[in-house]
Amino acid sequence: MAIQLQDRIYTACTTIGKADIEIGAPKSGYTGWGNISDGNTVYYCITDNTSWEVGYGQYLLRAGTPTIQRNVLSSSSDNEKLVLTGNASIFCTY
């Protein structure tokens, strides 16, 4: 599939551990991932306000739950996947 980009996407990330990204509700004043087509590739950044992870992955709708497969390009955790606690934020990036 194609790479798809959108501006002003900023949402909660409900993932726990190193699993694929489970996308939560949009942050106030921003949009969600709903304009991204199922199966397309996106670039993302996850942060828990202390640590961060930048990567890319396929955006998928799994049983109605939007997810992004995690492929890390760089991170504050020695370029490995962050261990998430369900309280992170994720945004679309270039």
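Of note:
- Residue within segment 17-32 that is open to solvent by less than 30 Å² (accessible area, probe 1.4 Å), at positive phi and outside any strand (DSSP E or B) present: no
- When Y43, Y94 are checked against the criterion of being at pLDDT below 95, under 13 Å from Q6 (Cβ atoms) and either not acidic (D, E) or not in a loop (DSSP other than H, G, I, E, B) (or both), Y94 stands alone in meeting it.
- Cross-chain or 6+ apart pairs with Cβ under 8 Å, segment 66-85 first and within 12 Å of C13 (Cα to Cα) and without any contact (Cβ under 8 Å) to a residue 40 or more places away in the chain, then of a type in the set (V, I, T) and exposed (fewer than 13 other Cβ atoms within 10 Å of the Cβ): none
- Answer from S76, S37 - the residue that is open to solvent by less than 70 Å² (accessible area, probe 1.4 Å), on the phi < 0 side of the Ramachandran plot, out of contact with any strand residue (DSSP E or B) (no Cβ under 6 Å at 6 or more places or on another chain) and among the small types (G, A, S): S37
The values are calculated or read from the model by the stated rules, or taken from the named source; none is laboratory data. The shown structure was predicted, so the numbers you read here are calculated from the model rather than taken from an experiment. Positions of Cβ are generated from backbone atoms using ideal geometry, with glycine treated the same way; all protein chains shown enter the neighbour counts. With ligands, DNA and RNA removed, areas are computed over all heavy atoms of the protein, side chains included. Shrake-Rupley method; radii C 1.70, N 1.55, O 1.52, S 1.80 Å.
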